[in-house]
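Read-outs: derived from the displayed coordinates by stated rules, not from any lab. No experiment lies behind these values; they were computed from the predicted model shown. Glycine gets a Cβ as well: all are built from the backbone with ideal geometry, and neighbour counts include every protein chain shown.
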Amino acid sequence: MSRKKVLIITYYWPPSGGSGVQRWLKFTKYLRRFDWEPVIYTPENPEAPAEDKSLLKDIPENATVLKTPIWEPYSFYKKFTGQEKESKIGTAFLSEESKPKLAEKLSIWVRGNFFIPDARKSWIKPSVRYLVPYLKDHPVDAIVTTGPPHSMHLIGMKLRDKLDIPWLADFRDPWTEIDFYQDLMLTKRADRKHHKLEAAVLKKADRVIVVSPTMKRNMERIRGRTVDLLTNGYDAEDYAEQKIPRDEKFSISYIGNFVKTQNPPFFWEVLADLVQNEPGFKDDLEIQLIGKTDYNVQESIRENGLISFISESNYVPHAEVTKYQRKAQVLLLILKKVPMASHFLPGKLFEYLAARRPILCIGPPESDTGEVIRECKAGTIIDYDEKEKMRQVISKYYDAYKKGQLTVEGNQIEKYSRKNLTRHVTEILNEMTGIEDS
């Protein structure tokens, strides 16, 4: 029996790096095991946050990858804000400077009010013009769009209208409830348009999948019917390498971009106090920051006299990231301190689980993330202002490190493997298309 075909429309694809590429790259890697053949449609010249050629190995052999050019306003943005042409655009308002320039603030206002839903909107019409004849000549059984950027969903919606091909919309992050939505400085008209487009996508898509339980409830309220939950996960093959020795130092490792809304002042204060008062702590401590770090975070570290304990790497390939995770004594996970903090279920959480090192999470204990950490017995989650509890937990971890007993139980993580999650994706695709699973 020949495989069913699914067209996957994604802005992020190798050699682009960063978190946005992982989800559908890994699904694509395993789709053939469940009798689905992926066809990828992605920009030829995207403004990627980073380049990571180590991810190319996960693209299935001889997979069809279609690419067309995209025009984006970032060359104008960089020139307007005085950035180098080769500069990478920060995500979630990450800034490596003390204060955003006036030009940067104006650019954000223009982006929010004129580039709706996002700066990739100019790719929608050319993509539809390209894909309609292609799909007539090369039929597929289903279409998947993954966002953000949510322009990808508008491509899918237009193809659904024109070709009547079943369409699955995947939301890796919320649309109008994303944590920085209020920072876009939207006019009432722009806000209405965002909400109108979001509602249209949610109601027209044959199936919708999201990454966290709270997000599922919120999207179902807008959609008026069921939304599927499919979390992010980890790829067991990325962790199959032989045992990697632990860091000799008491390493607390944060992996990923570290933005302003994640900065935990009391955490740095606790570390500074332990450096002064816990015997041996200052000789053993190492704080590893793997990824771009916001200026506000850097300032907090300086103010607490912790610069000498910092080890920084701006970006490392994903193949190396898994080694950092497994070497660390403690893995630091920080939820953004925003109203929607309880919604977050970060992709890195599942890779932290696979690394089987204790997770020290800062954020609301009664959150989607807190639920997973407790379920998997993978570490501790501490609220933003629980300074004394933070001191106790770090001291406990440090004591276990000194005794060579710093371990984690790590239960029930297999259900979050990319292979098992891909099985669930194909079950949804089968149901959506009315094709029996072979």
Phi to ³J(HN,Hα) by Karplus 6.51 cos²θ - 1.76 cosθ + 1.60 over the stretch 179-188, Hz, x for Gly, Pro: 4, 9, 4, 5, 7, 7, 6, 6, 6, 4
Residue exposure sequence - S107, S54 - by fewest surrounding Cβ within 10 Å: S54, S107
Label-to-label distance, nm, for residues given as E431 and E44 (7 Å Cα→Cβ offset): 3.9 nm
Kirkwood Rh and Cα Rg combined as Rg over Rh, evaluated for the stretch 236-413: 0.92
Degrees, to the nearest 10: 387-402 long Cα axis against longest axis of the chain: 80 degrees
Percentage relative contact order, the stretch 236-413, counting C-alpha pairs under 8 Å, at least six apart: 24 percent
Phi to ³J(HN,Hα) by Karplus 6.51 cos²θ - 1.76 cosθ + 1.60 over the stretch 335-343, Hz, x for Gly, Pro: 7, 4, 7, 9, x, 8, 4, 5, 7
Net length gained if the chain between N113 and N62 were fully extended (0.36 nm per residue, minus Cα distance): 14.3 nm
Built amide H within the under 5 Å cut-off of G379, gap 5+: I359
Nonlocal amide H pairs with V144, under 5 Å, H built at 1.01 Å: L7, I8, I9, L168
The chain, helix-only ellipticity at 222 nm - DSSP H runs n ≥ 4, -39,500 (n - 2.57), divided by all residues, nearest 500: -12000 deg cm²/dmol
Vicinal HN-Hα couplings computed from phi for the stretch 419-430 (Karplus, 6.51 cos²θ - 1.76 cosθ + 1.60; Hz; Gly/Pro x): 5, 5, 5, 5, 4, 5, 4, 5, 5, 5, 4, 4
Tail weight of P(r) past 32 Å, computed on alpha-carbon pairs of the chain, percent: 39 percent
Under 5 Å, built H, 5+ apart or other chain: amide partners of L333: L360, C361, I362
Considering only the chain, percent of DSSP beta bridges that pair antiparallel, nearest 5: 0 percent
Descending semi-axes in whole angstrom, ellipsoid equivalent of the stretch 198-319, from the Cα gyration tensor: 39, 20, 13
Simple spin-label estimate for H195 and E388 in nanometres, 7 Å along Cα-Cβ: 4.4 nm
Most fluctuating residue given options K387, K57, K216, as computed from a GNM of the chain linking Cα atoms under 10 Å: K57
In degrees, nearest ten, helix 22-31 long axis to first principal axis of the chain (Cα): 60 degrees
Proximal charge balance of K121 [Cβ under 12 Å; K/R count +1, D/E count -1]: +2
Area projected by the alpha carbon convex hull of the stretch 137-271, averaged over all directions, nm²: 13.3 nm²
Cβ-Cβ FRET estimate between K125 and S54, R0 fixed at 30 Å, reported to 0.05: 0.30
Extension reserve of the S2-K377 stretch, reckoned as 0.36 nm per residue once the Cα distance is removed: 130.8 nm
Modelled FRET efficiency - R0 22 Å, K158 with H138, Cβ distances, 0.05 increments: 0.80
